[in-house]
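Data first, discussion second: the structure below is written as structure tokens.
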């Protein structure tokens with residue numbers, strides 16, 4: 001199954017380091033919810049154009065969310081599932 005691209009604001013990418021594991025990451029603001037999301041560096045943009053002005057697509061076949069690789073990702077999750085809850 002091919003992952004769907006993630007839409008981000010075109011000029012929102014900022015390099016930084018993870019506060020937990022110190023890995024190099026790239027922060028980007030997602031569209032339409034305007035939340036910052038960490039990606040492992042480098043972020044590869046999709047050749048497919050988004051019709052919305054100022055929006056680009058991240059190629060998730062070649063880019064990884066830092067939440068998927070950070071050993072401390074659960075510590076930073078905003079919507080923590082209650083203990084014993086099923087996660088989809």
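The values are calculated or read from the model by the stated rules, or taken from the named source; none is laboratory data. Everything numeric here is computed off the predicted structure, so don't read it as measured data. Cβ: placed from backbone, ideal geometry, glycine included. Neighbour counts: every protein chain shown.
Filtering the range 39-67 to residues that are more than 12 Å from residue 6 (Cα to Cα) and not in a loop (DSSP other than H, G, I, E, B) leaves 40, 66, 67. The residues in the range 17-33 that are in contact (Cβ under 8 Å) with a residue 12 or more places away in the chain and either assigned to a loop (DSSP other than H, G, I, E, B) or surrounded by fewer than 13 Cβ atoms within 10 Å (Cβ to Cβ) (or both) can be counted, and the count is 7.
Each row is one residue, and each column tells you yes or no for (1) modelled with pLDDT of 95 or more; (2) closer than 17 Å to residue 75 by Cβ; (3) out of contact with any strand residue (DSSP E or B) (no Cβ under 6 Å at 6 or more places or on another chain).
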residue: 39; (1), (2), (3): yes, no, no
residue: 44; (1), (2), (3): yes, no, yes
residue: 47; (1), (2), (3): no, no, yes
residue: 64; (1), (2), (3): yes, no, no
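Within the range 2-16, the set of residues being over 15 Å from residue 68 (Cβ atoms) and part of a loop (DSSP other than H, G, I, E, B) comprises 2, 5, 10, 11, 12, 13.
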